[in-house]
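Inspection log for the structure reproduced underneath, given as structure tokens.
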């Protein structure tokens, strides 16, 4: 694959959000006697990437019981707490549901203060324990690696939960420095190329208008070098090759190299089949590219999996998915299919009330265009009856126009 380098948009938060996940694979530290802790850790990672956070947490606790001094396992559990909170906040979905994002964004809850406190305390504990080990042996590669990972998680918290962007950059810089030290001590440690790769790309992508500030703070970066390091990690790392692949899908998407991103997403989706986000991101990739029909094929397949009870697809927000399908069908003039998709929301009384109101509004518009005023009136009345001001006011105006 050629390394794409074009694009001037500001760097998305999820590069920081994904950063610490891909540093936390087992095998980077001496294993406890026997195999049981490592088995639990591997099982926990499988649950983690399939969005099964409670199960992942339990497995990581079991791994720590067998190997309580393993900082990598400790980081696994901390990172799971963090991503469980990000998932609860809807941040892992990114812009997956573009049609409904614009009016659902305000509904996202604030971070849970108790969970945030727990995450910060655990990050502090890893940093303390890693530094104690480094005081005894400054060339302890695994302590350096664990400390860098802790700073990566701290950057994630800064960026995604606290919106402290320059603090995130500082912590990202510390993670980068520590993992570069690992590479100096052991150049064959290809897994340690992941953080420097992300850091190079993130800093290299900062808009020119503010890049001088970052330069004065001592940060340097190159998108091209970042992509090269991540590709090296994907091809040669012992533990993080698939993780580097995930990051490269983010970068290729940002650089509008959509087919490269989809090739990687297809492989990752097969590897983590109970995580519907990877599969549905393929559809979003087609949507970004302007290929609405291909996007609809993916989203409809996701809906079919949801209705069939496929493992993991109960995590899909049903109403948002059908709203996306309805909007895309309506966009390309497939009005009967749009009515059917919107009907999956309006005909279910326990649907999200805001989405139900907008879906009813769209169904009313389609029936009105089909010169079926009675059906249009019924949909507008439904939208007007729901407790959301904007769709209610639009429905009331349309009701006046057809009376």
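Side notes on the structure shown:
- The helices (runs of 4 or more DSSP H) located wholly in the range 1-98 that include 2 or more residues which are under 19 Å from residue 254 (Cβ atoms) and modelled with pLDDT under 85 occupy 14-18.
- Subset tally (residues that are touching a residue at least 24 places away in the same chain (Cβ under 8 Å) and not in a helix (DSSP H, G or I)) for the range 163-195: 2
- Unique residue being modelled with pLDDT of 95 or more and in a loop (DSSP other than H, G, I, E, B) when the list is 309, 283: 309
- Restricted to the range 384-398, and to residues there that are more than 35 Å from the chain's Cα centre (by Cα) and farther than 12 Å from residue 360 by Cβ, the residue that is surrounded by the fewest Cβ atoms within 10 Å (Cβ to Cβ) is 397.
- Among the residues of the range 339-355, those identified as over 28 Å from the mean Cα position of the chain (by Cα) and crowded, with 20+ Cβ neighbours inside 10 Å are 339, 346.
- Unmet requirement for residue 151, which otherwise passes all of (1) part of a loop (DSSP other than H, G, I, E, B); (2) under 22 Å from the mean Cα position of the chain (by Cα): (1)
- Test for residue 106: is it at pLDDT below 90, out of contact with any helix residue (DSSP H, G or I) (no Cβ under 6 Å at 6 or more places or on another chain) and in a helix (DSSP H, G or I): yes
- Selection within the range 182-202 - surrounded by fewer than 21 Cβ atoms within 10 Å (Cβ to Cβ) and in contact with a helix residue (DSSP H, G or I) (Cβ under 8 Å, 6 or more places away or on another chain): 183, 185, 186, 189
- Count of the range 280-315 residues which are buried (at least 20 other Cβ atoms within 10 Å of the Cβ) and within 17 Å of the chain's Cα centre (by Cα): 7
- Of all residues assigned to the range 120-127, at least one qualifies as being under 29 Å from residue 222 (Cα atoms) and in the same structural domain as residue 89 (by TED's automatic domain parsing).
- The range 168-181: number of residues that are buried (at least 22 other Cβ atoms within 10 Å of the Cβ), modelled with pLDDT of 90 or more and within 14 Å of residue 197 (Cα to Cα): 4
- When 381, 371, 330, 300 are checked against the criterion of being outside any helix (DSSP H, G or I) and either farther than 26 Å from residue 255 by Cα or not assigned by TED's automatic domain parsing to the domain that holds residue 266 (or both), a single residue qualifies: 371.
- Looking across the range 35-64, the residues that are surrounded by fewer than 19 Cβ atoms within 10 Å (Cβ to Cβ) and over 22 Å from residue 115 (Cα atoms) come down to 35, 36, 38, 39, 42, 43, 46.
- Matching residues, the range 323-338, being in contact (Cβ under 8 Å) with a residue 24 or more places away in the chain and either buried (at least 16 other Cβ atoms within 10 Å of the Cβ) or touching a strand residue (DSSP E or B) at 6+ places or on another chain (Cβ under 8 Å) (or both): 323, 324, 325, 326, 327, 328, 329, 330, 335, 338
The values are calculated or read from the model by the stated rules, or taken from the named source; none is laboratory data. In this text the structure is predicted, and so the values were computed from the model without any measurement. Here Cβ is always computed from backbone atoms with ideal geometry, including for glycine, and neighbour counts include all displayed protein chains.
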